[in-house]
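**Student:** The structure's right below; bear with me while I get my questions together.
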Amino acid sequence: DTLNPLDEVISIDQNQTQKLNTALDTLDPRSRNIIQRRFLQENKATLHELAAEYKISAERVRQIEDNTMKKLKTMLLMG
């Protein structure tokens, strides 16, 4: 049984989505929330909005974002 090209793409996309969700589940709540709100929502939060919410600097939010993206990339490439 071979999948038609469209079904194959959909299957790959669902697999990647599952890998991303699994990787996100391994993060601490703050890091996960920052990534979801910065990249995975339609109305994306700014660094300054998240900084005000967490009572940290925008630079610190950027650092958390950067470190978390590196972790996610590593997990997705390994999986």
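**Student:** What FRET efficiency, computed as 1/(1 + (r/R0)^6) with R0 = 25 Å and r the Cβ-Cβ distance, is obtained for ASP25 and LEU77, rounded to the nearest 0.05?
**Tutor:** Details: r = 17 Å, r/R0 = 0.69.
It comes to 0.90.
**Student:** According to the square roots a ≥ b ≥ c of the eigenvalues of the Cα gyration tensor, what is the shape class of region 38-79, taking rounded for a/c under 1.5, prolate for a/b larger than b/c otherwise, and oblate for the remainder?
**Tutor:** Details: a/c = 3.85, a/b = 1.72, b/c = 2.24.
Oblate shape, in that a/c is at least 1.5 and b/c is the bigger or equal ratio.
**Student:** Using DSSP to define loop residues, name the GluC sites (Glu not before Pro) in region 12-78 whose beta-carbon has at most 13 other beta-carbon atoms within 10 Å.
**Tutor:** Filter output for region 12-78: GLU42.
**Student:** Name the residue, out of LYS44, LYS19, LYS55, whose mean-square fluctuation peaks in a Gaussian network model built on the chain with Cα pairs under 10 Å.
**Tutor:** Taking springs between Cα atoms under 10 Å, the residue moving most is LYS55.
**Student:** Ignoring ligands and nucleic acids, what accessible area does LEU77 show with a 1.4 Å probe (Å², nearest 10)?
**Tutor:** So the heavy atoms of LEU77 present about 140 Å² to solvent.
**Student:** Rounded, prolate or oblate, given the Cα gyration tensor of the chain, with a/c below 1.5 counting as rounded?
**Tutor:** Note, shape of the chain comes out prolate.
**Student:** Related question: Taking only protein heavy atoms and a 1.4 Å probe, what accessible area per residue, in Å², does the chain have with all protein chains in place?
**Tutor:** Details: 5880 Å² over 79 residues.
Per residue, the chain has an accessible area of 74 Å².
**Student:** Now, a different point. Can you give the calculated 222 nm mean residue ellipticity of the chain, where each DSSP H run of n ≥ 4 adds -39,500 (n - 2.57) and the sum is split over every residue, rounded to the nearest 500 deg cm²/dmol? It would help to have the intermediate numbers written out before the result.
**Tutor:** Values: 4 runs with 57 residues, N = 79.
Rounded to the nearest 500, the figure is -23500 deg cm²/dmol.
**Student:** Hey, any idea what % of region 9-54's accessible area is carbon plus sulfur with a 1.4 Å probe?
**Tutor:** 49
The values are calculated or read from the model by the stated rules, or taken from the named source; none is laboratory data. What you see is a predicted model; the values in this text were computed from it and never measured. Positions of Cβ are backbone-derived with ideal geometry, glycine not excepted, and every protein chain shown enters the neighbour counts. Heads up: the accessible areas ignore ligands, DNA and RNA and are worked out on the full protein's heavy atoms, side chains in. Shrake-Rupley method; radii C 1.70, N 1.55, O 1.52, S 1.80 Å.
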